[in-house]
Structures are given as structure tokens and as C-alpha cells.
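Have a look at the structure below, then the notes.
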Amino acid sequence: MSLSVTLQHQLGAFTLDASFEAPEGLTVLFGRSGAGKSTIVNAVAGLLRPDAGQITCDGAPLYDSATGRHVPPHQRRVGYIFQDARLFPHLTVRQNLLYGRWFAPKSTPGPEFNRIVDMLGIGPLLGRRPDGLSGGEKQRTAIGRALLANPRIILADEPLAALDEPRKAEILPYFERLRDEVSTPILYVSHAASEVARLATTVVALDAGRVIRQGAASDVLSDPAVTPLGVRAAGAMLEARVQAHHDDGLSQLDAGGASLLLPRVDQAPGTRVRVWIEAQDVMLATERPQGISALNVLETTVRALRFGAGPGVLVQLCFGDTLLLSRITRRSADALSLQPGLRVFAVIKAVSVARDAVGDQPRPEL
Amino acid sequence: MTDWLGPEEWRAVALSLKVSIWATLVSLPLGLWVAYLLARKEFPGKQLLNGLVHLPLILPPVVTGYLLLASFGPQTGFGRLLESFGIVFAFRWTGAALAAGVMAFPLMVRAIRLSIEAVDQRLEQAAATLGASRIWVFATVTLPLILPGLTAGAILAFAKAMGEFGATITFVSNIPGQTQTVPSAIYAFLQVPGGEASAWRLVIVSIVIAMSALLLSEWLARRAANRVRAT
């Protein structure tokens, strides 16, 4: 199961010219608003007919400008989760969930109704109408509706953008479960770096209608070339294993051989998790700092420096196979004479890692 | 009620109901189609169609009636063609229904068109991505959402058909039992001495029917609106 997309499309002065592959797992289309993310998703769904290109899902052509083939949306079998849930107001939650069932091919049975309802925790809502639901409940119903249509691919266009922070935290775990429990590939649009870090197996970074980088999530996100897309949210995703929970409310994690102390993580010891560490929370020192309050001091090597237009510098660091990003000023970089290959100590304050920045890690499909 | 109303009056009421119900039912599918075209499609001649639909609303009813007579009358080629298929409009109740339908059509199309324009097309897109073809999207999403507008349009058309006078009397005349609807009958009773009592009874019947239609439409619209309240 995979999706292959090559598109050219002109929208006023905006030109989209993108090509990428979405393998199994969750692929995030990442970029600023206006980068062309939604245009791509709508083209995959068939709601928009691009000027030129090919879209192939699982070997089957959905669109091919060379042959003039344009499969209409209702025959594409995509499960589209919209930003605004778009539930049918005249149907109950149960009827909304079962809507796609009507039209799905009977030969390949889709996911079982009760399993999806349990997974999303929407059992108590089945008899209600959408107008009485909270934003989070609506979005969970929309996810269930898309899944139960038995799609070949799931499309999600910023499904969390319309929700407030507590609702986002409510929905994110469902996408993690989707990624881990459903074999259908997921194409997920987002401009929030923390969402990307938690969810993505593959990242396609878009800027002004072009793909600037694509690949495994940990590689793309810690690439300084990608960070200008969401400057404030620049950071790195660390894969770690929970080791122990301490009595003072901290958890000890092992990240590529280095030990990290973070505010209490909910997962049990032994669980593999992802930790998102923002570049602005990482300080650098050329000698091992003594007598400081920060709990995490990692010995790292400078891999690259990226100078922006402003006074800031992004420093890419590595320890073992793990990459880390640090945002410091150009003046500091000069004072420390930072250059690739130099050994430096990265200082991370434990409290700066937010609780919701720690998520389940995808398990490889067996 | 048959005792209270004289036989001639009763015939007029029964005929009016028959004419109006047929006029409404037959023009409803056509009105829905035209309203959908006007609300959703772009095509050459759209403004012409729009004008044509609204013409009976702005023309004097007598003119509309005369144009119907000139098109469907027994002396015209088209009238004779229809007659060879057994369809006769002139001076028959079917002609009264045609006149009432034509006169009510703009009101019906207007109400339905407004409700189609109010439908959130993003819901229809969502239905399409879930596998519904265009016809199924229409049947399962669009149609339920426009039900209040459709109901309002149909009842408005029915009420208009009940009251239609000018076009009807010009096209199919005023033949008791054949083409004499309630408004024509009231007019006829007022032309003869001592006819006021009959006219008054028909006036009361008209008011009762019109009020009932209005209350029914309010009730149906509220019921439908409860079911489709926006998310």
C-alpha cells in the first residue's frame, strides 16, 4: 500500500509543482499555510483536478494527465478527515458512521463497526445528532466515518487545527493508534511541528508549492533546511525508552545511550516514546558546565550550522545516531567558535519539555 | 359540509382542490430541477431561463392566460397535436391545472432555489469522498437538507393555485363543474342578484383552506428544521 503523487497546478500567481511518495504509515505534508498542502490533498481526493501530473494509489491510477484519466471522488475510496468535521446534520452519529458502508465494495470487508467505535470511544454518542457534540467528539466521529468507509488511503487535512489545546490532546492519541493499528497509509496535513514529531513516520516538507525535503521523520525534522518553515517551532524528535519513574515527579529516559530526566511521562517503564525538544530550549557550552540547575547535560558533536536572516543560528548536534537542534545567537556561535566537528555540551532544562510533547512511538507493522 | 354548501359551491371547492393539488404535484419535480439548475449550474441562456420562469409573476395574469390559450388552444397546431395524443387543455379542468401551475411556478422555484443555495456544498463533497455518486449525494444529503424549502415552496404554490383567477378564466373560461374554481365561482355569484350568501360561504372556505395550508407548512418546516439544524 503506497501513494505516489506528481502534480503541477496553477492557482492565480501560485504554482504547485510537487512530487513525493507516501509509503505505509503516516506521512505528514508539512509546511506553512499557503504552501500547497491542501491543494495536494484535494487533488488526491479528486475534489480538485490538477493541471498536470499523475496520482497513483496502490498501483491503481487515480489521475493521469497524459491519458486524461480522472477517477471521480466517489470511486477513489479515500477516507477524508476534514478540518471542520463535516458531519451530516440530519443524521445521527451512528448513521454518519455507517454512511460510507453503503457505498463500500461488499467483497472486501472493512473494519468492524464495534472495534472502531470502541477505539474512538464514541459508543455513548451513537444515538445523538452532530449539533449536540463537542468539537472533539465531532472530530472523533469524523475519523470513524472515514475509517468505516473502508478506504485505500486516509487523508487528514489539519484535523486538529480547529480545536483548542485540550481537545487536540484528546484527539492526537487516536491518530497514533490509527498509525499503529490500521495498515492503511495516512496522508496528514499539518503546519504544527509538535504534531508532526508525534505522528509522522515519513515527512514531506513543502515550501511555496515545492517539496524541499522528504524522508524519515527524524531525518527531515532535524534538518536545519526544513526549520525555516516553522521557525518558532524548530526542534528535534528524539526516540527514547522510559527507564524509571522517580518519586520527585520526574521520569528517566534513555535516548540513544544518553540519559534524560523529564517531567513525569505517563507511559510505563520499558515503553518506547518520542520526545520533542524545541531548539530554543537547548543551550550550548564548550566545557562541561558545573553547578547549574539544568538536569540534562549531553555530550554532543556539532554537525552543521545554519545562519538565517536574523541574529539567530540553528546548530545541528549529534550524539550517537540521535540528532538535536539548538537555537542560539550568532554572537554566541562566534564567541564559542562553533564549527562542524567541535565537541559541545547541550544543556536541556527538564521543565521545558512539555508533557504533551511526549508520545507513543510507532511500532513497525509485523 | 355538503349540506352547508350548495351543490354548485361544493363542486367549485372540490374542483379547486383537485386543480391545485395536481398543479402542485406535477410542477414539483420540474420546479426542483429548474431551481437546481439556477442555483448550481452555469450555462448559456441561464438569465433567459430565469426570466422565463419569473414571467408569470410580473405579467398581467390575463396576458399569461391569453398566451396559454394561443399556445394550447384547440385551434392551434400544438393544441391539435396534443389532442391527437388525447391531451386536451382548453376548457377542461386540466387547463385550469396548467394555468394554476404556470402561475405558481415562480414562487415554488424561488423558495426551492433559496434553500438549495443555503446548502453547505462541503457536506456534499464529504459525501462524495465517502463513495456516494452524484445522484446519491443528492438523495441522501442535498434533498434532506432542502426539505424545509421544498415544503415551503410546494405549499406556497398550492395556495397560489387555489387563488388563481385571471389566467384561469382567460384560458379555460368559467364553466360550472368543469373549470369553475372557487375564485371564478365567487366572481360568478357576485354577478347575479342574491348570490352574496353563496359568495360568502366560499370566502370562508377559502380562508379556512389558506390558513390550514399556512399552519401545515409552518409545522412541517419546523419539524424539518429540527432535523437538519446546522452543526
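The values are calculated or read from the model by the stated rules, or taken from the named source; none is laboratory data. Note that this is a predicted model, so its numbers are computed, not measured. Don't worry about glycine lacking a Cβ; one is built from the backbone with ideal geometry, like all the others, and counts go over all protein chains shown.
Failed condition for residue B:230, given (1) under 30 Å from residue B:122 (Cβ atoms); (2) modelled with pLDDT of 85 or more, with all others met?
(2) is the only condition that residue B:230 fails.
Name the pairs whose Cβ atoms lie under 7 Å apart, with the first residue in the range A:6-20 and more than 18 Å from residue A:205 (Cβ to Cβ) and modelled with pLDDT of 90 or more, the second among the polar types (S, T, N, Q) and outside any strand (DSSP E or B), and 6 or more positions between them or separate chains?
Partner pairs satisfying both residue conditions: A:9/A:39.
Can you list the helices (runs of 4 or more DSSP H) found entirely within the range B:112-231 that contain at least 2 residues being more than 12 Å from chain A (Cβ to nearest Cβ)?
Helices (runs of 4 or more DSSP H) meeting the threshold: B:143-163, B:166-172, B:182-191, B:196-227.
Does residue A:55 count as assigned by TED's automatic domain parsing to the domain that holds residue A:135, within 16 Å of residue A:7 (Cβ to Cβ) and either of a type in the set (Val, Ile, Thr) or buried (at least 22 other Cβ atoms within 10 Å of the Cβ) (or both)?
yes
For the range B:47-87, enumerate the residues that are small (Gly, Ala, Ser) and either modelled with pLDDT under 85 or within 19 Å of residue B:157 (Cα to Cα) (or both).
B:51, B:65, B:73, B:77, B:79, B:84, B:86
If I filter the range A:83-96 for residues that are within 16 Å of the chain's Cα centre (by Cα) and either more than 14 Å from chain B (Cβ to nearest Cβ) or not small (Gly, Ala, Ser) (or both), do I get at least one hit?
The answer is yes, given that some residue of the range A:83-96 is within 16 Å of the chain's Cα centre (by Cα) and either more than 14 Å from chain B (Cβ to nearest Cβ) or not small (Gly, Ala, Ser) (or both).
Filter the strands (runs of 3 or more DSSP E) completely within the range A:200-274 down to those with at least 3 residues that are in contact with a strand residue (DSSP E or B) (Cβ under 6 Å, 6 or more places away or on another chain) and at pLDDT below 80.
So the answer is A:235-245.
Residue A:85: farther than 23 Å from residue B:136 by Cα, of a type in the set (A, V, I, L, M, F, W, C) and in a loop (DSSP other than H, G, I, E, B), yes or no?
no
For the subset of the range A:97-120 comprising residues that are buried (at least 20 other Cβ atoms within 10 Å of the Cβ) and within 11 Å of chain B (Cβ to nearest Cβ), which member is nearest to residue A:174 (Cα to Cα)?
Selected residue: A:97.
Condition first: in a helix (DSSP H, G or I) and among the charged types (D, E, K, R). Now tell me which residues in the range A:88-120 satisfy that.
Within the range A:88-120, A:94, A:101, A:115, A:118 qualify.
Restricting to the range A:121-144, name every residue that is within 14 Å of chain B (Cβ to nearest Cβ) and hydrophobic (A, V, I, L, M, F, W, C).
A:125, A:133, A:142, A:143
Please state which of the following conditions residue A:308 fails to meet, knowing it meets all the rest: (1) over 23 Å from the mean Cα position of the chain (by Cα); (2) crowded, with 16+ Cβ neighbours inside 10 Å; (3) modelled with pLDDT under 80.
Of the numbered conditions (1) over 23 Å from the mean Cα position of the chain (by Cα); (2) crowded, with 16+ Cβ neighbours inside 10 Å; (3) modelled with pLDDT under 80, the odd one out for residue A:308 is (2).
Just to be sure I understand the filter: pairs with C-beta atoms under 6 Å, separated by 6 or more residues or on different chains, first member in the range B:130-154 and within 14 Å of residue A:72 (Cα to Cα), second member of a type outside the set (Gly, Ala, Ser) and at pLDDT 90 or above. Which pairs pass?
What qualifies is B:130/A:99; B:131/A:74; B:132/A:74; B:133/A:74; B:137/B:124.
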